[in-house]
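Each reported figure results from applying straightforward, stated rules to the coordinates on display, with no laboratory input. Since we're looking at a predicted model, the values are computed, not measured. So basically every Cβ, Gly included, is an ideal-geometry build from the backbone, and we count neighbours across all protein chains shown.
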Amino acid sequence: MIDGELDAQLGRIAVVGNGRMGNALVSALRSRAAVSGPFGHGFDGAGFVVAGFDRAGFGTVILAVPDGQIASAAACVRDGPVIGHCAGSLGLAVLGDRPCFAIHPLMTVTPAGANFTGAGAAVAGSTPDTLAIARRLADLLGLHAVEIGDADRAAYHAAASIASNFLVTLEDAAEALLATTGIERALLVPLVRAAVETWADLGGPAALTGPVARGDEATIARQRAAVAERVPALLELFDTMTTATRALAARSGATSSRSGSPVIPPHP
């Protein structure tokens, strides 16, 4: 279908879920499509009587609710609209036996909203038409749509969590250790951004730098002692990341080629 036909099939869009994602979707779609919401509990797809809202039905309902509430929210929506969810790890079965789709914007959403332009989106559809609807919504939001089937969605979502949520956890640990020197996290920000950009350009093995990549065991030992002394709660994380980084260095032969000497076994 061409965009005009898809927009006609989309019809009026209702966004259900008054959290960060629901509000961000409404804000991003408002200038590009006929969208209403975000609505809360009890939305049935037919419309509410509230200020500025009529009883006209909707062609599309997007459920931007917590994963555990998708099935119950879907059950509230009357037959008629095409219904979709925004969960990254769930397939289409949670929406029941009806024409449906999924669209998961791969972007951090903060209380201030989100800029979806240029980000990825995992899309799926129960039929070619509903998949086309998901792709059209991604286009309206400025997202790059990638079809990801039910069997791959949990792995896809786990990768996204590692890339974003776990990264924040690591940076928080770095900030906590740096704070013991009296220095604020701003000092680390250019380094973090450069590391991420280099990884984006080259991939993990080629982007890796630092003492593990060089096989500099004396420096690693000094670092470990400092962590143990100043923030002992981070020692297990430091050891785990050191082990994982050794494995990454080994994938490219980085340690042996850069240090010119065998790798010393990891600290017990």
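The table that follows gives values for the structure above.
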read-out: Base-10 log of normalised Debye intensity for the chain (one unit scatterer per alpha-carbon) at q = 0.15 Å⁻¹; value: -1.03
read-out: Gain on full stretching of the segment that runs from Arg185 to Ser72 - 0.36 nm per residue minus C-alpha separation; value: 36.4 nm
read-out: Calculated P(r) of the stretch 155-258 - Cα pairs past 19 Å, %; value: 51 percent
read-out: Long-range HN-HN contacts of His144 with modeled amide H, under 5 Å; value: Gly118, Ala119, Gly120, Ala121
read-out: Electrostatic dipole magnitude of the stretch 155-258 [Cβ: Lys, Arg +1; Asp, Glu -1; Cα centre; debye, to 20]; value: 300 debye
read-out: Fully extended contour minus Cα-Cα distance, from His144 to Thr243, at 0.36 nm per residue; value: 32.2 nm
read-out: Whole-number D in µm² s⁻¹ for the stretch 3-148, Kirkwood Cα-pair radius fed into Stokes-Einstein, 20 °C, 1.002 mPa s; value: 145 µm²/s
read-out: Inverse of mean 1/r across different Cα pairs in the stretch 73-141, Kirkwood, Å; value: 12.7 Å
read-out: With Cα atoms, 0 to 90° folded angle of helix 217-230 axis to the chain main axis; value: 70 degrees
read-out: Ascending count of other beta-carbon atoms within 10 Å, so fewest first, for Phe39, Phe238, Phe58; value: Phe238, Phe39, Phe58
read-out: HN-Hα J in Hz across the stretch 160-166 - Karplus 6.51, -1.76, 1.60, θ = phi - 60°, x for Gly and Pro; value: 5, 5, 4, 5, 10, 4, 5
read-out: Cα-based helix-to-principal-axis angle, 189-202 vs the chain, degrees rounded to 10; value: 80 degrees
